[in-house]
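Just so it is clear, none of the values below were taken in a lab; they were calculated from the coordinates. Keep in mind it's a predicted model, so treat the numbers as computed, not measured. Ideal geometry is used to build each Cβ from the backbone, glycine not excepted, and the neighbour counts take in all protein chains shown.
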Amino acid sequence: MEHHHHHHVHPTPDMQKLNRSFIVGIVLNIVFVLAEAGAGFYYDSLALLSDAGHNLSDVVSLVLAMFALRLSMAKPSLQYTYGYKKSTVLVSLLNAAILFVAVAVILYESIEKFSNPTPLDGGAIAWVAAIGIVINAFTAYLFFADKSKDLNVKGAYLHMAADTLVSVGVLVSGIVIKYTGWNVIDPIIGIVVGLVILYSTWHLLQESLRLALDGVPEGIDVQKVETVLSSDPDVLNVHHLHIWAISTTQTALTAHIVVKDITHMHEVKHRLKHDLQDLGIEHATLELELKEEHCDGHCDCCEEQQGCDSDTQPYL
């Protein structure tokens, strides 16, 4: 029998807890967007209205992330044999793209304000920003514990952390403007905040692209995986090794394993899958083959004890 036990050495997020976090975060942020937009109209503040628009993009991102989370729990079908787990990768990529667009908007508006400085109500802006800091920071906190376990959750966390940073910037500029009348601080802080968000989002974009292209997930060392598989006393050679992400939390592997004999085939497969789970690979498909079957009598290494290392490409 094949080995199906799951050793939770690599922690996975609590889906029910995450679902509640998303719902709380979405509701809080919708209320804040409505309040901020109302204050923007009341004080005739373009800064507040544009920030409300930016916060609305975060609500959309949270909804997308929650939708992907729920899709990832759907059962496989005849058309989608892995289910919809890959949706978490696609949404994390989309969230990275949305963050980059948000940065572009912040930088564009900040540069525009240098050319056309407008008088602002510093006190009103500071008050609304202070409320934003509390709501955004609390929402980010909801995802803090799971951000390292799921790239999709990390995307949601980065959105809220970035918004907290934006709100801090708006608060500082509001206070400075209120007491000094120095309106140019607003675009200066906007540019600084935009660059900080850009820096923090770059890794999310890189990792999301890598997983979308079926690259090896971060934290998985291919050479270490090959070494662990090859170090089994019954294994002669490992080739056709492929590792990719099924979702932002699950990793799959396929490999051809050349063994000495088929007498203990099930025990060997059991051991190897157990070792792979310890490395964070839950879904492993291993094809065991004999040295003679692999070499088919046509390569010189068949007479050697080490298998066909010289003639086999390990990553084909």
**Study point:** Two-decimal ratio, region 15-212, of alpha-carbon radius of gyration to 2.2 N^0.38 Å
**Key:** 1.08
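Under 8 Å for C-alpha pairs, at least 6 residues apart: give me the relative contact order for region 211-274, rounded to a whole percent. Intermediate results must be reported in sequence, preceding the final value.
Working: 70 pairs, mean separation 19.4, N = 64.
Dividing the mean separation by the residue count of region 211-274 yields 30 percent.
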Check your understanding: Which pairs in the list K269/K291; K149/K260; K75/K154; K113/K147; K75/K224 are over 28 Å apart, alpha-carbon to alpha-carbon?
Key -> K149/K260; K113/K147; K75/K224
Point to revise | Segment I131-V60, extension gain: residue separation times 0.36 nm, minus the distance between their alpha carbons | key: 23.6 nm
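Figure the gain on full extension for V105 and H274 (residue separation times 0.36 nm, minus the Cα-Cα span) and round it to one decimal in nm.
So the extension gain works out to 56.0 nm.
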Practice item. Tell me what the chain gives for mean residue ellipticity at 222 nm when only DSSP H runs of n ≥ 4 count, each as -39,500 (n - 2.57), the sum divided by the residue total, rounded to 500 deg cm²/dmol. Key: -21500 deg cm²/dmol
Practice item. List the relative contact order of the chain as a percent without decimals, with contacts defined as Cα pairs under 8 Å and 6+ residues apart. Key: 18
Exercise for review: Would you mind counting up the charge near H240? Only other residues with Cβ under 11 Å from its Cβ, with Lys and Arg at +1 and Asp and Glu at -1.
Suggested key: -2
Point to revise | With Cα atoms, 0 to 90° folded angle of helix 87-115 axis to the chain main axis | key: 30
Review point. Which of rounded, prolate, oblate describes region 107-171, given a ≥ b ≥ c as roots of the alpha-carbon gyration tensor eigenvalues and a/c under 1.5 marking rounded, otherwise prolate only if a/b is larger than b/c?
Key: oblate
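What does the highest-first list of 105-115, 202-212 look like by mean Cβ count within 10 Å?
202-212, 105-115
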**Study point:** Separation in nanometres of the label points that stand 7 Å from Cα toward Cβ, at E218 and V184
**Key:** 3.8
Review point. Using modelled backbone amide H atoms (1.01 Å from N, in-plane), which distant-in-sequence or interchain residues come within less than 5 Å of L290's amide H?
Key: V259
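If I stretch the segment between A74 and L34 completely, what's the gain in nm (0.36 nm per residue apart, minus their alpha carbon distance), one decimal? All intermediate terms of the calculation are to be shown ahead of the outcome.
Values: separation 40, 0.36 × 40 = 14.40 nm, distance 3.29 nm.
The A74-L34 span can extend by a further 11.1 nm.
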Point to revise | Angle in degrees between helix 151-180 and the longest Cα principal axis of the chain, rounded to the nearest 10 | key: 20
Check your understanding: Could you give the nm distance between label points at L209 and F138, where each point is 7 Å from its Cα heading toward the beta carbon?
Key -> 3.7
Revision key, fill the gap. Quick calc: nm separation of the 7 Å Cα→Cβ label points for T263 and D14 -> 4.9
